[in-house]
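One structure is given below, encoded as C-alpha cells.
Just so you know, all these numbers are worked out from the coordinates, no wet-lab data involved. All values reported here derive from a predicted model rather than from experimental measurement. Cβ placement follows ideal geometry from the backbone for every residue including glycine, while neighbour counts extend to all protein chains displayed.
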C-alpha cells in the first residue's frame with residue numbers, strides 16, 4: 001500500500017482539519033506524531049462542546065466552509081458508509097482517517113490502520129471458516145475490500161456497538177452461567193459492567209489490564225458495582241510469560257511494543273498466558289470437562305499470539321464462549337478465526353464500525 005501512502009502524504013502537506021470531536025479524536029490529538037506532522041488547525045463537529053478541543057479551534061459543521069485549502073481527516077467511524085463516501089466525494093479527496101495518520105507516521109504505537117495486499121486465496125481460506133453464514137462472509141469481504149483495496153462498500157455491514165455482547169443477555173436467560181470469566185484488556189471494565197447488568201452468574205472473574213491508570217479504574221469499578229469473586233491482575237496477556245514493554249498512556253491505544261520508548265512512556269510489564277491464568281484459577285485440569293468459561297479478549301494486537309497459545313488448551317473445556325477483537329492486524333483477522341475453527345469452535349462475527357475497525361469474533365464450543 002506504499003503507493004496509496006504516498007497519495008495520502010501528498011494530501012497531508014495541506015493544513016489538516018479533523019472531522020469529529022469524540023473519543024477517537026481525543027485519542028488522536030493526544031497521540032499525534034507532532035515531530036513528523038503538524039497538528040490539525042481545526043476540529044469540526046456537528047455538536048461541539050466548546051470553542052476548543054484540546055487547544056485546537058473547534059467549530060460546528062454548519063459554521064465551517066470546506067475548501068481545497070485544507071485536507072480533511074475522519075475521526076469518527078460510526079456512520080452510514082454512504083454518508084462518508086458522499087462527504088469525501090464532495091471534498092474532492094480520498095477518504096483519509098486518523099488511523100492512516102498513525103499507520104504512516106507512527107505504526108510502532110498504533111496498528112489499527114493496517115493495509116496490506118490480500119490474495120483471493122487468502123480471502124477464500126478465511127471465508128471457509130464462516131461457511132453457511134452469508135452475513136459473516138459479507139463482513140469479511142467488505143473488511144478486506146477496505147484493507148486491501150481502499151474501497152469502502154456502500155452497504156458495509158455495521159451494527160450497534162451495544163449489541164456486541166448481546167449473547168450475554170441470551171445466556172443469562174438460558175442457563176446458570178459460567179464457572180470462570182476472563183476479561184482480557186478490561187480498560188474501562190465495560191465488559192464486566194455488562195455481565196453485572198444482565199445478571200449473568202459466575203463462579204469467579206479474572207480481570208486483566210496492564211495499563212496502570214486503567215487498572216486502577218478497573219479496581220474502582222469492580223468495587224463500586226459490588227462485583228463478587230473478582231480478581232484484578234495488573235498483567236499483560238501474551239503468548240509467552242515473562243516481561244514486555246507497554247505504552248502506558250491510559251488510552252484505548254495502550255499496547256505491547258517491541259522496544260522501549262521513553263518518548264511514548266513505555267514501561268516494563270509482566271506477562272501471562274491465558275492458559276496459565278486459567279490454570280491458576282482451577283484446582284486441576286481434571287475439572288476441564290465440567291467447566292464453563294467466558295472470555296473477552298481485546299489486547300490491542302496481541303490477540304493472535306494469545307489465541308495460538310491457548311486454543312488447544314481451551315478445547316478441553318466443556319463450554320467456552322469467546323468475544324475477541326480481530327481488528328488490529330492482518331494476522332488477527334486471518335489467524336485467530338482459522339486457529340479456533342481448526343480447534344473445533346463455531347464462529348460468527350459482529351461489526352460495529354467502518355474501515356475494518358470494531359470487528360469482534362464470537363467463538364463457541
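Using a 10 Å cut-off on Cβ atoms, rank the peptides 228-239, 42-53 from the highest mean neighbour count down. If you can, show how the numbers build up before the last one.
Working: 228-239: 18.9, 42-53: 15.1.
The densest-packed peptide leads the list: 228-239, 42-53.
Between residue 258 and residue 331, how high is the FRET efficiency from 1/(1 + (r/R0)^6) when r is the Cβ-Cβ distance and R₀ = 22 Å? Nearest 0.05.
Details: r = 15 Å, r/R0 = 0.67.
With R0 = 22 Å, the Cβ-Cβ based efficiency is 0.90.
Does region 291-365 classify as rounded, prolate or oblate by the C-alpha gyration tensor (a ≥ b ≥ c root eigenvalues; a/c under 1.5 gives rounded; else a/b over b/c gives prolate, otherwise oblate)? Present the calculation step by step, with values, prior to reporting the outcome.
Numbers: a/c = 1.96, a/b = 1.61, b/c = 1.22.
Verdict is prolate for region 291-365.
Which whole-number percent is the relative contact order of region 161-364 (Cα, under 8 Å, 6+ apart)? Please report the intermediate quantities before stating the final value.
Values: 409 pairs, mean separation 37.3, N = 204.
Computed value for region 161-364: 18 percent relative contact order.
For the chain, what is the percent of antiparallel DSSP beta bridges, rounded to the nearest 5?
40
By its C-alpha gyration tensor, with a ≥ b ≥ c as the square roots of the eigenvalues, how is region 78-176 shaped: rounded for a/c under 1.5, else prolate for a/b larger than b/c, else oblate? Let's see the in-between values first.
On the way: a/c = 1.74, a/b = 1.51, b/c = 1.15.
Taking the square roots of the gyration eigenvalues as a ≥ b ≥ c, region 78-176 is prolate.
Of all beta bridges DSSP finds with both residues in region 2-105, what is the antiparallel percent, to the nearest 5?
Details: 2 of 13 bridges.
Close to 15 percent.
Please tell me the relative contact order of region 2-105 in percent, rounded to the nearest whole number, where contacts are Cα pairs under 8 Å and at least six residues apart. If you can, show how the numbers build up before the last one.
Numbers: 131 pairs, mean separation 32.3, N = 104.
Relative contact order, region 2-105: 31 percent.
Between the alpha-carbon centers of region 1-74 and region 291-365, tell me the distance in whole angstrom.
33
Starting from the Cα of residue 287, step 7 Å along the direction of its Cβ; do the same at residue 54; then give the gap between the two resulting points in nm.
About 4.3 nm separates the two model spin labels.
By how many nm would the segment from residue 268 to residue 127 grow when fully extended, if each residue of separation counts as 0.36 nm and the alpha-carbon distance is taken off? Intermediate results must be reported in sequence, preceding the final value.
Numbers: separation 141, 0.36 × 141 = 50.76 nm, distance 3.83 nm.
Length gained between residue 268 and residue 127: 46.9 nm.
Could you work out how far apart the two model spin labels at residue 78 and residue 212 are, taking each label as a point 7 Å from the Cα in the direction of the beta carbon, and quote it in nm?
3.1
Of all DSSP beta bridges located in region 161-364, what percent are antiparallel, nearest 5? Walk me through the intermediate numbers first.
On the way: 19 of 42 bridges.
Roughly 45 percent of the DSSP beta bridges within region 161-364 come out antiparallel.
By how many nm would the segment from residue 225 to residue 63 lengthen if fully extended, with 0.36 nm per residue of separation less the alpha-carbon distance?
On the way: separation 162, 0.36 × 162 = 58.32 nm, distance 4.24 nm.
Additional length available on full extension: 54.1 nm.
Taking P(r) over Cα pairs in 20 Å bins from 0, in percent as the quantity of interest, determine which of [x] 27, 49, 21, 3, 0; [y] 28, 58, 14, 0; [z] 24, 53, 19, 3, 0 was computed from the displayed structure.
So the calculated entry is the one marked [y].
What is the spin-label model distance, in nm, from residue 318 to residue 342 if the labels are put 7 Å beyond Cα along the C-beta direction?
About 2.9 nm separates the two model spin labels.
For residue 10 and residue 30, compute 0.36 nm times the residue count separating them, minus their Cα-Cα distance, and round to one decimal in nm. Mind dumping the intermediate values first?
Numbers: separation 20, 0.36 × 20 = 7.20 nm, distance 2.35 nm.
So the chain would gain 4.8 nm between residue 10 and residue 30.
Would you mind calculating the relative contact order of the chain from Cα pairs under 8 angstrom and at least 6 residues apart, reporting the percent as a whole number?
Numbers: 671 pairs, mean separation 52.6, N = 365.
The normalised contact order for the chain reaches 14 percent.
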